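Peer 1: Dropping the structure in here first, questions after.
The values are calculated or read from the model by the stated rules, or taken from the named source; none is laboratory data. Note that this is a predicted model, so its numbers are computed, not measured. Neighbour counts are summed over all protein chains in view; Cβ atoms, including those assigned to glycine, are modelled from backbone coordinates with ideal geometry. Note: areas computed on protein heavy atoms with side chains; ligands, DNA, RNA excluded. Shrake-Rupley method; radii C 1.70, N 1.55, O 1.52, S 1.80 Å.
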Amino acid sequence: MGNIYKSNYNGLQATLTSRNFHGLSMVTGYTYSHALDDVGANWDFGYGYGLPQDAYHPEREYASSDFDARHRLTVP
């Protein structure tokens with residue numbers, strides 16, 4: 001028995017800090033990322049059966065993750 005599933009995450013983060021600009025301070029963050037995997041968060045391969053669409057080629061299930069969020073901007 002072995003684990004044939006894989007996942008991959010790549011991200012870029014940037015932070016902008018403003019200190020004492022007219023008496024205000026703030027921190028803003030931005031993240032650009034991409035998460036890939038071949039099994040969904042609920043092990044259902046995206047349609048609820050728990051089996052890949054093609055049992056002979058399970059690597060074809062490799063695509064964007066259920067939790068993939070490409071752009072995230074945080075502003076207080």
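Peer 1: If SER64, SER18 are ordered by their accessible area, calculated over protein heavy atoms with a 1.4 Å probe, which sequence runs from highest to lowest?
Peer 2: Listed by decreasing accessible area, they come as SER64, SER18.
Peer 1: May I pose another question? With the crude spin-label approximation of a point 7 Å out along Cα→Cβ, what separation in nm comes out for LEU16 versus ILE4?
Peer 2: 4.7 nm
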